[in-house]
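Colleague: Dropping a structure here in structure tokens format, bear with me for questions.
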Amino acid sequence: MPTLKIDGVEVSVPANTTILAAAKTVGIEVPHYCYHPGLSVVGQCRLCQVDVERMAKLAIACNTPVADGMVVTTRSPKVEKARRAVLEFYLLNHPLDCPICDKGGECPLQDYTLKYGPGESRSAEEKVQRAKHQTFGPHIVFDAERCILCTRCVRFCREIPETGELGVFSRGDRSEINLFPGRVLDNAYSGNVIDLCPVGALTSREYRFQSRPWDLVRHTESVCPLCSNGCNVVLDVRHRQRGEELLRIRPRENPAVNRWWMCDEGRFAFQYFSDPARLRAPTWREDGRPVEMGYDDVLLRLARAIRRVVETHGPSAVGCIASSRLTNEELFLIHRFFREILGTPHLDFRVRPVQFQETDASEDGILRRTDKTANSRGARDLHILPGPGGLDVAGMLAAAADGRLKALFVFEEDLVREFPDRPVREALGRPELLVASSMFGSETTALAHGVLPALGFGEKEGSFTNFQGRIQKVHRALMPHLASRGLPEALRDLARDLGRDLGEIEPERVWAAIGEMAGAYQGIAWKDIEPLGLMPEAKAGYPRVSVGGREPR
Amino acid sequence: MAGSSGRGRERIGRPATGVGKSGMDFERILTRYKDILNYTGTIDEYIAHGGYQALPKALREFQPDQLIEEVKKSGLRGRGGAGFPCGLKWGFIPRDSPKPKYLVCNCDESEPGTFKDRMLIEEEPHQLIEGIAISSYAIGCHLAFIYCRGEFVHGARVLQRALADAYARGYLGKNILGSGFDLDLYVHRGAGAYICGEETGLLESLEGKRGQPRMKPPFPAIAGLYRSPTVVNNVETLSNIPHIVVRGADWYAGIGPSRSAGPRLFSVSGHVERPGNYELPMSITLRELIFEHAGGMRDGRRLKAVIPGGSSAPVLTEQHLDVTMDFESLAAAGSMGGSGGVIVMDDTACMVRVGEIVSRFYHHESCGQCTQCREGTAWLHKVLRRLERGQGRREDLDLLLDMCDNMKGKTICVLSDAAAMPIESYLKYFREEFEAHVRERACPFEGNGAF
Amino acid sequence: MISDETKKRFDDLVARYPEKRSALIPILHEVQAEVGYLSPEAIEWVAAYLTLSPADVMSVASFYDMLNLEPVGRHMIYVCQNLSCALLGAEGLIRHLENRLGIRMGETTPDGLITLKRMECLASCGTAPAIQIDGIYYERMTPQKLDELLEKLRDGRFERSRA
């Protein structure tokens, strides 16, 4: 391993590491724009130049591999003059948009100019004017005056989704990034150019003028729940007088899962958290009509109804259709409640065909996968499956229809929509107790006796297991609505109303119990699940999914 | 002087001459065809005056690496602008590489003041073709291209006709002259971009992309066209090759100064009596070139400034007239041999206006990749334009110098340096003219100058 | 939009190169000559033919001075504005042209006959000032010679050669 000195600090890195990457390992910032570890190297911005002993000219750190004995200086007068000059060149035509530019406050051009740039302008020339706020696509706005032509966006569209919508047109200082006339920037990953753009040239339509970075009170690490890839994300929450609001979701770098990217669906679909149509309070059907009540009241009635069914018909008259939308912790507690406390063998999560396979398939060869829920793998690993003599989902629906099942619990699945060609409505209408949990009202909740409002992933502490078998944490970014209760709390209170003890429900305690079970998760503790996830050791029988020989891009 | 459709000489000024007042006859080599009456450069005429003897000799008597040695020994240096030793460049091609080797002839002649390659392809195309064939054999290339700038419409047609004739006679194609050596050679037209004369910009353009130069290393000899080993040589450079083969490296090395051997085509233009291409050894002085060969200053005016090697070369003045036109001497004088384009200016030329025109060129031609060049070439031009219009500020002069310093040595290619160095030289030798523009808030030449 | 016979020529052109993308600029020249200029439809045709994105092809085409992405006149007059030509009166030629035709450089006459374009060094410095009309060089130009050429253009006595 070559060893070199950067600003006097000794660094040892593998051969072929660039000076830029080597500097990063020891916390030395080398300012740069065009370089990005996920994209091809073009060496155009010229900002990352550093002084290398015995090289007559400054070298660009992003494309110069380290050598043993190399001596690099990043703060010599020569480097400082060069950096200041590059920034001065950028600022010649850059509009003074900071007061109205979304990037302000998290802008590398502001930051680098403050640190390395000129304090004043020497230019007596008119700034070049270009078209501003152009709608490039459903999610993207482009401002050609702000663009510094780093070409990250162009390279991204060419190299990752391989859709090539963007190009640099003309040459020299007339160069301008644009779309082919009449085209739209609407590939499934278009939002990533917002993260990539070092200035406010490419910004989010959804986020436009919504906030300043310093008004975002929380940046919560979590995992996207919209498919089995489990892209790592950050949830940006803004404080408002009327409460907090989730304003933005961004990808979090995870080399093994999503690298630096996420798809647009997961990035932009979160308005549902504050959708007024969300179910807020639990309801219980009285005189044929759902009546809103507090949790305690609903759970009391629910406990009574359960007791009646079990005492009359036995535990096997109860069934539970759980969901791969639930966290590992919620699923574990469901297992405990239904299999152990109630004692029914009828438990399953497999509502969609893709969930019957060992693993789902990649949808686009990039990040999106065909299982549109986050935790099928976790559900399988935690045995959310029929016990001895137990019915699967189809079996439970049939048993509900013919009266064998008297009570059915459905968590976060709209069975009416999932099985359009079966008489689900009739099946669901038959049991004397139907309980549904959901974020929004559905045909299933419309038929239920008891409806419990569900929380979204941004309101929970827990974990999902992605298709690779990687356990990844979700953290609470938003406080749930005052009237709501998380599923673990609801089950604990319901168990108590039945005179039983569900056990401890905090994630650490749940994992203490999971860790004691034989199986894939044996020995794992909550604290073991790192910010980038945890792959359990390969144990006999624990299938490690090969991603078809292709790294996530 | 109606449309030019094939007959060369009269369009391009007087024929290149090697005869000077000093009486020293210089035997022309590349342009010896000009001695032949009514010469049109067809294959039969070329053969009749000794052409296509070098190729069979090379194939018969030389192994490829021996040819490379011969060219190294000759001391031939690139004639495109960089002056890099030709044999040395060929030697960088890794013979053992399993990748195909390519030879690309750089016919993108766009350096302001240079018009010799155009003459060579229009008037003596087979000399070039023969040179390319020999060079391809030397480096193991079987597919070569002539990258011809798009504006050379006529030149490209002449080349295409010549290629067809060369194929028909067996000087190109399969099993050339029974040697077992195959070579395909095509003309590839550019579409108007000076930066495609930079060798990696050229390769990008040849690959069907924007002509944006590549980061180096890797150099083209290792990863060039289609990432394979490639040699890029100028038209004039390659045109020398047949002569080296026929008459030998020692003969060639004896022409002119030892470190700048061989004949050079100087393109002389501007305020001289007889602008044109002149084939001369590089031992000639700038004074001799201008006053003995190119007829001296027009209208008997005084020489004010000379750009000796294309507009990228720093300017020289009267005090430099005795410099010899070889690479080393010109560099020592603070300029460069460059492309051999000699632009002569008399005392009617406003040097600020010259700066404006030259900076306008680089502003237009910057590919736009590197920040310093993209923004710097534009800023340089704008400041010079303001100065010329009498809207300059005193601080603009030192601003220009600092801008130039920030533009040099920090970019992917040297267009940025080529834009900066001339301006630095105009300020060095003619600063008082710039100051006059600022002081008088006008161009002192307004209405009376060359422009 | 491109004739079969032209497309056949393109197929032969592509066959020369180890990578077909190399044929892009030569093809753009030909398409421009056939269609008149590189319209968005023309660019899309070329992009489809070479399996490139239209943005990519437009990015390449817009880099080069000789490729026109806007409609141009029947005849293109390029005037070199670089140093040697400027030293010998190019700006005067330009002013003359602009006055005669009533348009500025970069524009097209209202009757669509002539487009004027400033160009950089055309490698004709020894016979400056130089212009190109439809790819043909006219050197040692004077205003009088320009007038003669303009007359020929107007009278249609000018064969439009494909550059």
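Computed from the coordinates by the stated procedures, all read-outs in this text should not be read as laboratory data. Source: prediction; values computed, not measured. Backbone-built Cβ (ideal geometry, glycine too); neighbour counts: all protein chains shown.
Colleague: Extending each Cα 7 Å along its Cβ direction at residue C:11 and residue A:84, get the distance between those two points in nm, one decimal.
Modeller: Once both label points are built, they end up 6.3 nm from each other.
Colleague: For residue A:132 and residue A:363 in the same chain, what is the full-extension length gain: residue separation times 0.36 nm, less their Cα-Cα distance, in nm? Show your work: numbers first, answer last.
Modeller: Values: separation 231, 0.36 × 231 = 83.16 nm, distance 3.54 nm.
Going from the current span to full extension adds 79.6 nm.
Colleague: Mind checking the stretch A:55-153 for GluC sites (Glu not before Pro) that DSSP puts in a loop (not H, G, I, E or B) and that have at most 16 other Cβ atoms within 10 Å? Write down the numbers at each step before the final one.
Modeller: Values: sites: A:80, A:88, A:106, A:120, A:125, A:126, A:145; in loops: A:106, A:120, A:125, A:126, A:145.
The qualifying sites are A:106, A:120, A:125, A:126.
Colleague: About the Cα centre, and with charges only on the beta carbon of Lys, Arg (+1) and Asp, Glu (-1), how big is the dipole of the protein assembly as shown? Nearest 20 debye, please. Each step should come with its number before you reach the end.
Modeller: Working: 147 positive and 154 negative charges, 33 e Å.
Computed about the Cα centre, the dipole is about 160 debye.
Colleague: Taking only C-alpha pairs under 8 Å that are 6+ residues apart, what is the relative contact order of chain A in percent? Kindly include the intermediate steps, with their values, before the conclusion.
Modeller: Values: 1105 pairs, mean separation 60.3, N = 553.
This gives 11 percent for chain A.
Colleague: Please report the spacing between the Cα centers of the stretch A:402-468 and the stretch A:135-183 in Å, no decimals.
Modeller: Cα centroid to Cα centroid, the span is 45 Å.
Colleague: To continue, here is another question. State the antiparallel share, in %, of DSSP beta bridges confined to the stretch C:75-155, rounding to the nearest 5. Intermediate values should be presented prior to the final figure.
Modeller: On the way: 7 of 13 bridges.
Here the share of antiparallel DSSP bridges comes out near 55 percent.
Colleague: Once both labels are modelled 7 Å past Cα along the beta-carbon direction, what's the residue B:442-residue C:70 spacing in nm?
Modeller: 3.5
Colleague: What Kirkwood Rh does the stretch A:98-204 have if only Cα atoms enter the pairwise 1/r average? Answer in Å. Could you put the intermediate results ahead of the total?
Modeller: Details: mean 1/r = 0.0680 Å⁻¹.
In the stretch A:98-204 this quantity evaluates to 14.7 Å.
Colleague: Kindly identify the stretch B:177-310 as rounded, prolate or oblate by the Cα gyration tensor criterion: order the square roots of the eigenvalues as a ≥ b ≥ c, call it rounded if a/c is under 1.5, otherwise compare a/b with b/c, prolate if a/b is larger, else oblate. Write out the running numbers ahead of the final one.
Modeller: Details: a/c = 2.46, a/b = 1.49, b/c = 1.65.
Verdict is oblate for the stretch B:177-310.
Colleague: Would you work out which of A:246, A:228, A:257 lies farthest towards the positive end of the dipole of the stretch A:212-290? Charges go on Cβ: Lys and Arg +1, Asp and Glu -1.
Modeller: A:246
Colleague: Per-residue ellipticity at 222 nm for chain B, helices alone: DSSP H runs ≥ 4 residues times -39500 (n - 2.57), over residue total, nearest 500 deg cm²/dmol?
Modeller: Values: 15 runs with 174 residues, N = 451.
That calculation yields -12000 deg cm²/dmol at 222 nm.
Colleague: Name the trypsin sites (Lys or Arg not before Pro) in the stretch B:291-355 that are in a loop by DSSP and that have at most 10 other C-beta atoms within 10 Å, would you?
Modeller: B:302
Colleague: For residue B:259 and residue A:75, what does the FRET efficiency come to when R0 = 35 Å and r is the distance between their Cβ atoms, rounded to the nearest 0.05?
Modeller: Values: r = 41 Å, r/R0 = 1.17.
In this case the efficiency is close to 0.30.
Colleague: On to the next question. Using a 7 Å offset from the Cα along the Cα-to-Cβ direction at both residue B:164 and residue A:312, what is the distance between the two label points in nm, to one decimal?
Modeller: 9.9
Colleague: Within 10 Å of each Cβ in C:64-72, how many Cβ atoms from other chains are there, averaged over the peptide? Show your work: numbers first, answer last.
Modeller: Numbers: counts 10, 10, 9, 4, 0, 3, 0, 0, 0.
That works out to 4 on average.
Colleague: Under a cut-off of 26 Å between alpha-carbon atoms, report the lysines in cross-link reach of residue B:428, not counting same-chain residues fewer than 8 places apart.
Modeller: Cα-Cα hits under 26 Å: A:57, A:78, A:81, B:304, B:382, B:408, B:410.
Colleague: Also, quick follow-up: Considering only DSSP beta bridges where both residues belong to the protein assembly as shown, give the percentage that are antiparallel (nearest 5). Please list the in-between numbers first.
Modeller: Numbers: 70 of 116 bridges.
Taking every DSSP beta bridge within the protein assembly as shown, about 60 percent pair in antiparallel fashion.
Colleague: Turning to a different aspect of this structure: For chain B, what is the relative contact order in percent, using Cα pairs closer than 8 Å and at least 6 residues apart in sequence? Don't skip to the answer; put the middle values down first.
Modeller: Details: 932 pairs, mean separation 74.3, N = 451.
Answer for chain B is 16 percent.
Colleague: Among B:295, B:413, B:311, flag the residue with its Cα farthest along the positive direction of the charge dipole of chain B, charges on Cβ as +1 for Lys/Arg and -1 for Asp/Glu.
Modeller: Value: B:413.
Colleague: Across peptide B:150-161, what mean number of C-beta atoms from other chains lies inside 10 Å of a residue's C-beta? Write out the running numbers ahead of the final one.
Modeller: Numbers: counts 9, 14, 4, 10, 4, 2, 2, 2, 0, 0, 0, 0.
Shielding by partners across B:150-161 averages 4.
Colleague: Further, regarding this structure: Between residue C:99 and residue A:26, how high is the FRET efficiency from 1/(1 + (r/R0)^6) when r is the Cβ-Cβ distance and R₀ = 45 Å? Nearest 0.05.
Modeller: With a Förster radius of 45 Å, E is 0.10.
Colleague: Over the Cα atoms of the stretch B:193-243, what is the Rg over Rh ratio if Rh follows Kirkwood? Write down the numbers at each step before the final one.
Modeller: On the way: Rg = 11.6 Å, Rh = 11.4 Å.
With Rg and the Kirkwood Rh in hand, the quotient comes to 1.02.
Colleague: Which shape class applies to the stretch B:30-253: rounded if a/c is under 1.5, otherwise prolate when a/b exceeds b/c and oblate if not, where a ≥ b ≥ c are the square roots of the Cα gyration tensor eigenvalues?
Modeller: Details: a/c = 1.44, a/b = 1.12, b/c = 1.28.
It comes out rounded by the Cα gyration axes.
Colleague: Let me ask something additional. Rounded to the nearest 0.05, what FRET efficiency do residue A:280 and residue A:217 have when you use their Cβ-Cβ distance and R0 = 25 Å?
Modeller: Details: r = 23 Å, r/R0 = 0.93.
In this case the efficiency is close to 0.60.
Colleague: Shape call for the stretch A:283-528 from the C-alpha gyration tensor, a ≥ b ≥ c root eigenvalues: rounded (a/c under 1.5), prolate (a/b greater than b/c) or oblate? Each step should come with its number before you reach the end.
Modeller: On the way: a/c = 1.44, a/b = 1.25, b/c = 1.15.
Since a/c stays below 1.5, the shape of the stretch A:283-528 is classed as rounded.
Colleague: Only sites in a loop by DSSP and with at most 11 other Cβ atoms within 10 Å count here; which trypsin sites (Lys or Arg not before Pro) in the stretch A:38-131 make the cut?
Modeller: Numbers: sites: A:46, A:54, A:57, A:75, A:78, A:81, A:83, A:84, A:103, A:115, A:122, A:127, A:130; in loops: A:46, A:54, A:57, A:75, A:103, A:122, A:127, A:130.
Those that pass, being in a loop and sparsely packed, are A:54.
Colleague: Suppose only helical runs count, i.e. DSSP H with n ≥ 4. What mean residue ellipticity at 222 nm does that imply for chain C under -39500 (n - 2.57) per run, divided by all residues and rounded to the nearest 500 deg cm²/dmol? Show your work: numbers first, answer last.
Modeller: Values: 7 runs with 74 residues, N = 163.
Mean residue ellipticity at 222 nm (helix-derived): -13500 deg cm²/dmol.
Colleague: Return the inverse of the average 1/r over all pairs of distinct C-alpha atoms in the protein assembly as shown, which is the Kirkwood hydrodynamic radius, in Å to one decimal.
Modeller: 34.4
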